[in-house]
Amino acid sequence: MLVLGIETATAVAGVALVNEDGVAAARSVSGSRSHSVRLLPMIRDVLAEAGVRPRDLAGVAVSVGPGSFTGVRIGVVCARTLARLWGLPLAAVATLEALAFPWAGSEALVIPMVTARRGEVYVGVYRCGPGRPEPVVSPAAVAPEAVPALLAGLGGPLVAVGDGMEQCRAVLGGLAVREAPPVARAPRGDSVAQLGLWYLKEGLGADPLTVFPRYLRLPEAEMVWRRKHGEKLG
């Protein structure tokens, strides 16, 4: 089973092709402004490198957020379009789950953190035993000072990952939380693809037209509109 994974929720975009044996091909690029122009060429390159045609794929997986509103939208629109065009199911993978996934098998509680706007971070907690990460604390958009309350009472080794750690370093200082190295701070295309493969095996692939971004909060422009117009929102 071959699955194409697409990750564009942060400043590092990734595309990967995986099967049951591992990664067949992968590409990544840093710089969120390049996602819209680099994504399709990366997809073309990983398929060509692996000698794979769309008809060989079992499905497509995409990171649906939370993360950059623009980045998530680019990835989801691209994945929906390709899956629809190729007649494939689409697996929606949570960005924070993909960020925690490389720690699978460690038995650690992983705290993925992704920078959000308005001084907030997207944060959740996952137990990373064998298989898929198990959610312990549901993802939320919170101010850094609210993070310790989310972690209260959690036992076992804690590992923080993601670019949101920079904002939370001061409040995490008094807690027994280890930080992942810089190279592990962005979700990866191969993690999205591997999780998507498991989703598809479990029958969790969806009609591409039913997959949407999961932002956790409203886009800034809509929040401004609501404050301005109040009850006029229809």
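At a glance:
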{"quantity": "Top-ranked residue in the range 127-175 [being among the β-branched types (Val, Ile, Thr) and in contact with a strand residue (DSSP E or B) (Cβ under 7 Å, 6 or more places away or on another chain); ranked as nearest to residue 11 (Cα to Cα)]", "calculated": "161"}
{"quantity": "Residues located in the range 80-95, provided they are in contact with a Gly (Cβ under 9 Å, 6 or more places away or on another chain) and in a helix (DSSP H, G or I)", "calculated": "83, 95"}
{"quantity": "Selection from the range 1-31 of residues that are surrounded by fewer than 24 Cβ atoms within 10 Å (Cβ to Cβ) and β-branched (Val, Ile, Thr)", "calculated": "12, 23, 29"}
{"quantity": "Criterion (touching a Gly at 6+ places or on another chain (Cβ under 7 Å), among the polar types (S, T, N, Q) and not assigned by TED's automatic domain parsing to the domain that holds residue 199) met by exactly one of 106, 138", "calculated": "138"}
{"quantity": "Single unsatisfied condition, residue 144 versus (1) modelled with pLDDT of 90 or more; (2) under 27 Å from residue 193 (Cβ atoms)", "calculated": "(2)"}
{"quantity": "Residue in the range 147-159 that is surrounded by 15 or more Cβ atoms within 10 Å (Cβ to Cβ) and in contact (Cβ under 8 Å) with a residue 60 or more places away in the chain present", "calculated": "no"}
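The values are calculated or read from the model by the stated rules, or taken from the named source; none is laboratory data. Only a predicted model underlies this, so the values are computations on that prediction, with no experimental measurement involved. Every residue, glycine among them, receives a Cβ derived from its backbone with ideal geometry; neighbour counts consider all protein chains shown.
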